[in-house]
Amino acid sequence: MAKNHDDTHMCPLYGREVFYGECYEVQEVREDEMDMKWLMEPIDIDRANEICEKCKWYIVNAHAHGDGSSVLSPL
């Protein structure tokens, strides 16, 4: 789970270390809030949907469990 924009993570989608901002932008594309042309590297949306839903590193407001899963916090 990302905490700030300087956090990095081994991204299973890109297969390399990414900053939170890159992960966030992928989520913006997935949610149709940003055009894919602005990404540093193009993605396959179907593949991203599958991988990102398993990874969930982009979720900031969540409580992590000991088993690696997380649950969104109620607002």
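For segment 20-27, putting each phi into the Karplus relation 6.51 cos²θ - 1.76 cosθ + 1.60 with θ = phi - 60° gives couplings of 3, x, 5, 4, 4, 5, 4, 5 Hz, in residue order, rounded to whole numbers and with x for Gly and Pro. The accessible-area ordering, largest first, of the residues Tyr14, Tyr24 stands as Tyr24, Tyr14, per a 1.4 angstrom probe. Between Asp7 and Tyr20, the built amide H atoms are under 5 Å apart, and every one of these is 5 or more places off in sequence or on another chain.
Using heavy atoms of the protein chains and a probe of 1.4 Å, the accessible area assigned to Asp35 is about 90 Å².
The values are calculated or read from the model by the stated rules, or taken from the named source; none is laboratory data. All values reported here derive from a predicted model rather than from experimental measurement. Areas reflect the complete protein model, heavy atoms only, side chains present, ligands, DNA and RNA absent. Shrake-Rupley method; radii C 1.70, N 1.55, O 1.52, S 1.80 Å.
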